[in-house]
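Please read the structure below before turning to the comments.
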Amino acid sequence: MYGFEYTTPTKVFFGPGTEEKVGQILREYGASRVLIHYGSGSCVRSGLLDRVIASVEDAGLWCCQLGGVVPNPHLGKVREGIDLGKRERIDFILAIGGGSVIDSAKAIAYGLAEPDLDVWELFEKKRKAKAILPVASILTISASGSETSNSCVITNEETGEKRSYNDNIARPAFAIMDPELTMTLPDYQTQSGCADIMMHTLERYFTRSGSMELTDAIAEGLLRTVMKHALILREDPSNYDSRAEVMWAGSLSHNGLTGCGNDGGDFACHGLEHELGGMFDVTHGAGLTALWPTWARYVYRDCLPRFVRFARNVMDIAPGASEEETALAGIDALEAFFRQIGMPVTLKELGIDPSEEEILKMAASCARANGGRKGSARVLFEEDMAEIYRRAR
Ligand code: NZQ
Ligand code: ZN
């Protein structure tokens, strides 16, 4: 087991109706002027936004709102939020939504804490943040894990670059998780979310680290749980227990727990997907499933024991004639599962058909964003990245 640092300071309020006390909780955290940040309108249509404003005002706090965050959130909206936050002397940002809104909130919070600096420099890895304003969320989609993660992913819509910046100071102060709030999601978003949750654990599982028995057991249990409940939600989207299991898995999958003792994880599929998101604006979880089977078949020989373990412990594959056969059967089984929950397993199924020129551009950009190499199961270089995009078509 490798040494690690594990910090997960976000306080979680989990259960039906927890959003009703958001005003009181914000007061306890010392908020006085709150920016409520949200997306393209789902929380307006459901009435959640009005209930949150009422709770915040009942607690005696001042608030203003900024909506309009899109999936693969834009730098332009972040800049708008920073300008608004400066004008209104905001001291706390509350996100209502999923990864896109929470990440936009985190980026605004970085910008407000260091108002003289350009926030995009963080995502270009030109500097490290010294401070951030407090952020919290009311989660409405189980997927990104941003509600407890240290990560923030923003797209520069002018250049088509989707970039992440990770820093423990960005872990939110608290997260309100009411599984009932996710019942209005379209099936495609529910399932993309389940896929993303699985991928956050898979990215940490397929490494060439040594023994991490407990972490592996947690990861395998999490994967099996999400698979079981993703299938139930396909038939029964209002199933509270399944919504709750998936929501809790979403946070545990990306708060660092399933990576304790590894070498930092692989995360090649995330790196490759971020280019698809930046260039083609695809749904993040679906972009990941469109790449994973191709990536897995490209790298499995370099990480064979882990692929065999995955096949046996997660996909229930009986041992084949060789370890290779068992590993490949495990990959086939997960690919079939992704299909079963309506997720694409090729770029064509994702609805895109990148040209050779676009593939080379994405591979170059992915390599540049990751210092020339990415991965642990197998280290990928620019030419490997291009080849995975090609084979995923
Ligand atoms: O904007 P609204 O109208 O709310 O609609 C959203 C959006 O269209 C909708 N939605 C959310 N809750 C809903 C709902 N519709 C009906 N009922 C509800 N209760 O769902 C759509 C997707 O929302 P989004 O926030 O984009 O989803 P997700 O949570 O999957 O976030 C994706 C973003 O997070 C990034 C991704 O790259 C992508 O940009 N990630 C962030 C991470 C992090 N910060 O730790 C890690 C992840 O790996 C990921 O990269
Ligand atoms: Zn993800």
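The values are calculated or read from the model by the stated rules, or taken from the named source; none is laboratory data. Source: prediction; values computed, not measured. Neighbour counts are summed over all protein chains in view; Cβ atoms, including those assigned to glycine, are modelled from backbone coordinates with ideal geometry. When the accessible area is computed, the model is the full protein with side chains, heavy atoms only, and any ligands, DNA or RNA have been set aside. Shrake-Rupley method; radii C 1.70, N 1.55, O 1.52, S 1.80 Å.
Where a ≥ b ≥ c are the square roots of the eigenvalues of the C-alpha gyration tensor, would you call region 151-274 rounded, which needs a/c under 1.5, or, failing that, prolate if a/b is larger than b/c, or oblate?
Taking the square roots of the gyration eigenvalues as a ≥ b ≥ c, region 151-274 is oblate.
For region 262-285 and region 1-47, what is the centre-to-centre distance using only Cα atoms, to the nearest Å?
Cα centroid to Cα centroid, the span is 25 Å.
How high is the relative contact order of the chain, in percent, with contacts defined as C-alpha pairs under 8 Å that are six or more residues apart?
Rounded, it is 16 percent for the chain.
Which semi-axis lengths, in whole Å and largest first, follow from the square roots of five times the eigenvalues of the Cα gyration tensor of region 11-181?
For region 11-181, the semi-axes come out at 24, 17, 15 Å.
May I ask you to list the chymotrypsin sites (Phe, Trp or Tyr not before Pro) in region 202-252 that are in a DSSP loop and have at most 11 other Cβ atoms within 10 Å of their Cβ?
none
Quick check on my link table: of K128/K228; K128/K348; K126/K228; K21/K106, which ones sit more than 31 Å apart, alpha carbon to alpha carbon?
Checking Cα-Cα distances, K128/K228; K128/K348; K126/K228 exceed 31 Å.
Restricting the count to DSSP beta bridges whose residues both fall in the chain, what percent are antiparallel, rounded to a multiple of 5?
25
With a 10 Å radius around each residue's Cβ, average the other Cβ atoms per peptide and rank 17-28, 90-101, highest first.
For the peptides 17-28, 90-101, the packing ranking is 90-101, 17-28.
Tell me the carbon and sulfur percent of the accessible area for the chain, rounded to whole percent, probe radius 1.4 Å.
Answer for the chain is 48 percent, counting heavy atoms of protein chains only.
Taking the chain as the reference, fit the longest principal axis to its C-alpha atoms, fit the long axis of helix 75-88 to the helix C-alpha atoms, and give the angle between the two in degrees, 0 to 90, nearest 10.
The angle comes out near 20 degrees.
Given a 10 angstrom Cα cut-off, can you work out which residue in I352, I176, I108 is the most mobile in a GNM of the chain?
Highest fluctuation of the listed residues: I352.
Kindly report, to the nearest 10 Å², the accessible surface of Y188 as traced by a 1.4 Å probe over protein heavy atoms only.
90
Heads up, I need the accessible area for K126: 1.4 angstrom probe, whole protein in place, Å², nearest 10.
In the full protein context, K126 sits at about 140 Å².
In degrees from 0 to 90, rounded to the nearest 10, what is the angle of the helix 382-392 Cα long axis to the longest principal axis of the chain?
Helix 382-392 sits roughly 80 degrees off the main axis of the chain.
Could you please state, rounded to a whole Å, how far the C-alpha centre of region 295-356 is from the C-alpha centre of region 100-178?
32
Report, in deg cm²/dmol and to the nearest 500, the calculated mean residue ellipticity at 222 nm for the chain, where each DSSP H run with n ≥ 4 adds -39500 (n - 2.57) and the sum is divided by the residue count.
-16000 deg cm²/dmol
Over region 11-181, calculate the relative contact order: mean separation of alpha carbon pairs under 8 Å at least 6 apart, over the residue count, as a percent.
After rounding, I find 27 percent.
How do 331-344, 278-291, 51-64, 260-273 rank on mean C-beta neighbours within 10 Å, highest first?
In decreasing order of mean packing, 331-344, 278-291, 51-64, 260-273 become 278-291, 260-273, 331-344, 51-64.
Bin by bin, in steps of 20 Å, what percent of the Cα pairs in the chain do you find, going until the bin that has the longest distance?
Answer for the chain: a P(r) of 29, 59, 12, 0 percent.
Could you do me a favour and compute the accessible area per residue for the chain, 1.4 Å probe, result in Å²?
I get 39 Å² per residue for the chain.
Note the direction-averaged projected area, equal to a quarter of the hull surface, for the Cα convex hull of region 333-393, in nm².
Taking a quarter of the hull surface, the average projection is 4.7 nm².
Restricting to Cα atoms and excluding each atom paired with itself, what does the Kirkwood estimate give for region 185-392 in Å?
Every distinct Cα pair counted, the radius reaches 17.1 Å.
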